[in-house]
Amino acid sequence: MGKLGGLAGGLLLIALVILAIGCGDDSSTGTDTESKPRRLYPRVHGPSREFLIPGGDNIVQFFGQETSPAEREAASRVVHAWMKARVAKDWAEDCKYLSHIYARTLMSDAFRVSEGKAKTCPQTLAFFGSQASGTSGNTLTGPIDSLRMRGLRAYAQWHGPEEDWILPMRKEDGRWKVESASPLERTK
């Protein structure tokens, strides 16, 4: 009975897990798309819930905690100003919004691949051009919708005109800074 009992116990455990998670959809209630994220991800609360994709990459939605509306507003102002500078290719202004850690890493990479020609942050962004800043233009049409924070790091999320976007951010000296040369398109 040892192997058979172990197999039966394993099958019972699998059946209990399936019952606990739930299976099928809620089409009989007409709430299949709304109830699935709530059922599958009960720990995610607030604006971040809008970005849940059942079965998709939801790592940002589980990162840290959702910040206050005031914190999101402060981060939104930074993202708006940064996005404006980025789209205008005003590299000196763009660099003002980058975290010191990120800017140093970017400049180190540019210095190495440009054989010492790109020495400053603006030179670095000019050297990398659209490879660093992307070609997505201004994807922020309003304030950011979610800001997930743990420690000094955060992820801003927003709904753009056609896609959802994520932007890594960091708090430095009490101010929000950007940790990417381009927002990241939300993937499923």
task = Please identify the pairs in which a residue from the stretch 99-110 that is touching a residue at least 12 places away in the same chain (Cβ under 8 Å) has its Cβ atom under 6 Å from the Cβ atom of a residue that is of a type in the set (Lys, Arg), counting only partners at least 6 apart or on another chain.
result = 99/170; 99/177
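Could you run through the stretch 123-162 and say how many residues are assigned to a loop (DSSP other than H, G, I, E, B) and among the charged types (D, E, K, R)? Let's see the steps before the verdict.
Of the stretch 123-162, the ones assigned to a loop (DSSP other than H, G, I, E, B) are 129, 134-145, 151-152, 160-162.
Filter once more, keeping what is among the charged types (D, E, K, R): 145, 162.
Of the residues in the stretch 123-162, 2 are assigned to a loop (DSSP other than H, G, I, E, B) and among the charged types (D, E, K, R).
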inquiry  = What's the total number of residues in the stretch 137-178 that are in contact with a Pro (Cβ under 8 Å, 6 or more places away or on another chain), surrounded by fewer than 18 Cβ atoms within 10 Å (Cβ to Cβ) and modelled with pLDDT of 95 or more?
reply    = 1
inquiry  = Between 126, 132, 118, which is of a type in the set (Gly, Ala, Ser) and buried (at least 21 other Cβ atoms within 10 Å of the Cβ)?
reply    = 118
ask   = Quick one: residue 140 ticks every box in (1) in contact with a His (Cβ under 9 Å, 6 or more places away or on another chain); (2) free of Cβ contacts under 8 Å to residues at least 40 places away in the same chain bar one, so which box is it?
value = (2)
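Could you tell me which of the residues 176, 165 is without any contact (Cβ under 8 Å) to a residue 40 or more places away in the chain, touching a strand residue (DSSP E or B) at 6+ places or on another chain (Cβ under 7 Å), closer than 24 Å to residue 50 by Cβ and part of a strand (DSSP E or B)?
None of the other options fit; the residue is 165.
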query = Of (1) among the aliphatic types (A, V, I, L, M); (2) in contact with a Lys or Arg (Cβ under 9 Å, 6 or more places away or on another chain); (3) modelled with pLDDT of 90 or more, residue 60 satisfies all except one. Which?
reply = (3)
request  = Return the pairs, sorted by first residue and then second, in which the second residue is of a type in the set (Gly, Ala, Ser) and part of a helix (DSSP H, G or I), the first residue lies in the stretch 59-75 and is closer than 12 Å to residue 47 by Cα, the beta carbons are less than 7 Å apart, and the residues are 6+ apart or on different chains.
outcome  = 61/48; 66/46; 66/48
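The values are calculated or read from the model by the stated rules, or taken from the named source; none is laboratory data. Fair warning: this is a prediction, and the values are worked out from it, not measured in the lab. All Cβ positions, glycine included, derive from the backbone under ideal geometry; neighbour counts span all protein chains shown.
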